Amino acid sequence: MSPSPTSLPLQPALDWLGHHQADLVERLRDYVRIPSVSAQPAHAQDVHRCAEWIAGRFRSAGLSTVVHPTRTNPIVVARTPKVEGAPTFLVYGHYDVQPPEPFDLWTTPPFDPQVRGDDLFGRGSSDNKGQHLAHLHAAEACLASGVGLPCNLVFLVEGEEEVGSSALQEFLPLHRNELACDAVVVSDNGIPDLEHPALTYALRGIAALEVRIDGPSKDLHSGLFGGTVENPAMALCRLLAQMRDETGRVTVPGFYDDVVELSAYERAQLARLPTSPADYLALTGSPALFGEPGHTPEEQRTARPTFEINGLTSGYQGEGSKTIIPAWASAKLTLRLVANQDPGRVIAAVKAHLERSCPSTVRITVHHGHGAVPYLMSPDGPMAAAALAALQEGYGHPGLLMREGGSIPIVSAFQRHLGADTLLLGMALPDDNAHSPNEKFNLRSYASGMRMAVHLWPRLAAAARVANPGRFGRHQPAGGAGSAA
Ligand code: BES
Ligand code: ZN
């Protein structure tokens, strides 16, 4: 690997992180103690307190910080001291967390964070407090140690990612000038393990729908009426069953028309990831794997679209039996999408297909829900190369390329409103229990992630200068404007 492309000697910043490691863990414990659950109105005060807490950390680190009120949860924007003529990078994270329930499945309480072995347990430790706090600390280390930063960093930390980011979706176009940047960095995702750090260059999008089938005007005696009128639950099952074939391929006409296929380069890179089919069996507990032939599980889960039933409701669910023809049946559906599928077009096509396929013996209503555009950036450009080198430096192992099957809706909004690509540099591990009981964050990944971020900024700044020759002034020497002086 090439040496760091800058004269900035980074060692003092790395030493600062090493000396302060115990304090940095305590700070994460303080952050996780705040129960900033965005889904639960009872925690509204905690959510606001959490925004103020992280704003306070940014201010102590020397960043000029504004807490923007919104109709819902505050958005925190913090900027490092201005470095004239240098590239600017936006670092995004979210201070809100998922609900902690069910409490009885936690070994220690979700908001009383405890260290056991290499892990810090607590709701939000991995998703996402630990990951963006690592970026804050890396910037603090650069400023406090006198190393300085070769670029401008703008931190954007919101409080409702777990409930749809609606305030930020409005905020972004209104603040596009102050958030203008050369690239976005997001650590709100994962890597296979500590020996295989990775840059995620694609996320799946999503399209959500709800379908309801109505039949008789009330539940009927299935002996007296069975065989004379259609059963809505049966009609819904038939309708949904024919939405995909036995390998999972979606049967909606035109569904695959816009799908960008994996290149040979990408397939070779994904094959370097350590996760095997046996790992997917172990991770899921399923008796067998399933999916489109000709693709590995890693490709299936990240580079191919899906159609899933998330919830299915009809008829009698209580104890014992009840002989009825239910009056209605309903299902919650989501499709995960890949570049270049458009959520709006997919929702319209699926709705039309369901309506067309529905027998006239029942009535169908399809409601459309939320959507997110899939995300894909070039995995072989200079920005990606810079990120891969920083991963090697932070984790001590070569950086790999991966895609992710989950969705972070705001990432495609960054592309749309700011014209900037997002480098996804996750620090979470597959067993972090995000959204589950006993969520935890690996403290070795925390430390490696902080070192990675220290190495990232000089490399990314150099890559931005290569990508946009003539846009920036002469390179600032170490300790110049922008250092913590
Ligand atoms: N941080 C996750 C998404 C994620 C996890 C991306 C792991 C990549 C790797 C985020 O908090 C999340 O859960 N997103 C939702 C979004 C959806 C509700 C629109 C998802 O993917 O289900
Ligand atoms: Zn989440």
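Quick notes on this one:
- Taking every protein chain into account, the accessible area of the chain amounts to 42 square angstrom per residue (probe 1.4 Å).
- Cα-based radius of gyration of the stretch 298-351 once divided by 2.2 N^0.38 Å, which approximates compact folds: 1.65
- Ranking A167, S407, A428 by how far each Cα lies toward the positive end of the dipole of the chain (charges on Cβ) leaves A167 at the top.
- Trypsin sites (Lys or Arg not before Pro) within the stretch 195-248, DSSP loop, no more than 15 other Cβ atoms inside 10 Å: K218
- Theoretical FRET efficiency, 1/(1+(r/R0)^6), r = Cβ-Cβ of I309 and D219, R0 35 Å, to 0.05: 0.95
- Normalising the average separation of contacting C-alpha pairs (under 8 angstrom, six or more residues apart) by the number of residues puts the relative contact order of the stretch 310-382 at 29 percent.
- With 0.36 nm allotted per residue and the present C-alpha distance subtracted, the V259-E52 stretch has 70.2 nm of extension available.
- Contact order relative to length of the chain, as percent, for alpha carbon pairs under 8 angstrom and 6 or more apart: 28
- If you take the alpha carbon atoms of the chain and fit the smallest convex hull around them, that volume is 163 Å³ per residue.
- Antiparallel DSSP beta bridges within the chain, as percent of all bridges there, nearest 5: 70
- Selection from G470, T247, Q40 lying farthest towards where the dipole of the chain points positive, charges on Cβ: G470
- Local charge for L401 was computed over the other residues whose Cβ lies under 10 Å away, with Lys and Arg +1 and Asp and Glu -1, and equals 0.
- Separation between Cα centres of the stretch 408-462 and the stretch 384-398, rounded to whole Å: 13
- In this calculation the C-beta distance from R345 to Q242 is compared with R0 = 22 Å, giving a FRET efficiency of 0.60.
- Distance between the stretch 15-48 and the stretch 306-342 - C-alpha centres, whole angstrom: 38
- Peptide ranges 33-44, 62-73, 422-433 listed from the most packed, as the mean C-beta count within 10 angstrom indicates: 422-433, 33-44, 62-73
- Accessible area per residue was computed with a 1.4 Å probe on protein heavy atoms; D104 scores about 130 Å².
- Projected label points at R267 and H397, each 7 Å from Cα along the beta carbon direction, are separated by 2.6 nanometres.
- Dipole magnitude of the chain about its Cα centre (Cβ charges: Lys, Arg +1; Asp, Glu -1), debye to nearest 20: 820
- Largest to smallest accessible area among T80, T284 [probe 1.4 Å]: T284, T80
The values are calculated or read from the model by the stated rules, or taken from the named source; none is laboratory data. Fair warning: this is a prediction, and the values are worked out from it, not measured in the lab. Methodologically, a virtual Cβ is constructed for each residue, glycine included, from the backbone with ideal geometry; neighbour enumeration extends over all protein chains shown. Calculation scope for accessible area: heavy atoms of the full protein, side chains included, ligands and nucleic acids excluded. Shrake-Rupley method; radii C 1.70, N 1.55, O 1.52, S 1.80 Å.
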